[in-house]
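Structure first, commentary second.
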Amino acid sequence: MLNFRHLGGEGNPPMIILHGLLGSSRNWVQAGKALASRFNVFALDLPNHGDSFSMHDMSFDAVSKCILEWMDERSIASPILLGHSLGGKVAMCLASSYPHRCSALGVVDIAPREYEPHSQTTIQTMCALDLESIQSRRDAEDMLQDAIPDLGFRRFILTNLVRKDGLFAWQVNLTALLHSLPNLILSPMTEHSRYDGPAIFFKGETSDFIKPEDEIVIQSRFPRSHLTTIPQAGHNVHSDNLPMFIDAVFRFFCGLPV
């Protein structure tokens, strides 16, 4: 079962938010509540993340089908899909494979191409952490300092650390993600797939996840797409510059014909 958070906006057009690798719906609570003034917002936990089920062979198509089942259970026909990083790849796959199930697409700081497995070292570091020796979250933060020196990223990783029966454990299924990583670094698009609906790509000004040469690929796969750069933002666009991100989302999606 896919876990989700309903962040408000009942009666508004539906919007489904998909988080990035090693994240969860928790990362989108603030942005989702802001978006709920104009959309009926649901933030999902992807498989192997948050409180959702585990999936050993995680692929874009398999996750897309899980999301379609979740939509069918709630009679959500054709929502706006808004995905960040890995969630953006899933959203691209779902929109291009099942275009009638996506009214419009938003992709946050990721392009439709293959990426280097930059998360492999992070996941291996998390797997190697001696959880039995941890007495507090501060212990875990200190133990990860050398391997993950960036404090912000380290604290993001530690949002996955939870207590179970008095002991610390990873909420995210690291074994399944490590196994699935070769699938997840690939392009979410097949050779001839495309999405002809309205789409917008949000790039963080200081992020290099969307490169200048990616713009041609984006336009070829998403011919009705726009690319907008959010200033003073890195990869986590929605948290680095929340006001400008929300404004850009509203300007694009609320300006579409009903």
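Within segment 13-70, the set of residues being surrounded by fewer than 21 Cβ atoms within 10 Å (Cβ to Cβ), among the charged types (D, E, K, R) and farther than 18 Å from residue 245 by Cα comprises 51, 57, 61, 65, 69. Filtered by the rule that a residue be within 9 Å of the chain's Cα centre (by Cα) and more than 19 Å from residue 177 (Cα to Cα), segment 1-27 gives a lone residue, 17. Here residue 241 does not fit the description of being outside the structural domain of residue 87 (by TED's automatic domain parsing) and out of contact with any helix residue (DSSP H, G or I) (no Cβ under 8 Å at 6 or more places or on another chain). Scanning segment 99-122 for residues that are touching a residue at least 40 places away in the same chain (Cβ under 8 Å) and part of a loop (DSSP other than H, G, I, E, B) gives 102, 103, 109, 110, 111, 112, 113, 114, 115, 116, 117, 119. Just so you know, in segment 182-229 the residues that are in contact with a Ser or Thr (Cβ under 7 Å, 6 or more places away or on another chain) and of a type in the set (A, V, I, L, M) include one that is nearest to residue 103 (Cα to Cα), and it is 199.
The values are calculated or read from the model by the stated rules, or taken from the named source; none is laboratory data. As the structure is a computational prediction, the values presented were derived from the model and not from experiment. Reconstructed Cβ throughout: ideal geometry from the backbone, glycine too, with neighbour counts over all protein chains shown.
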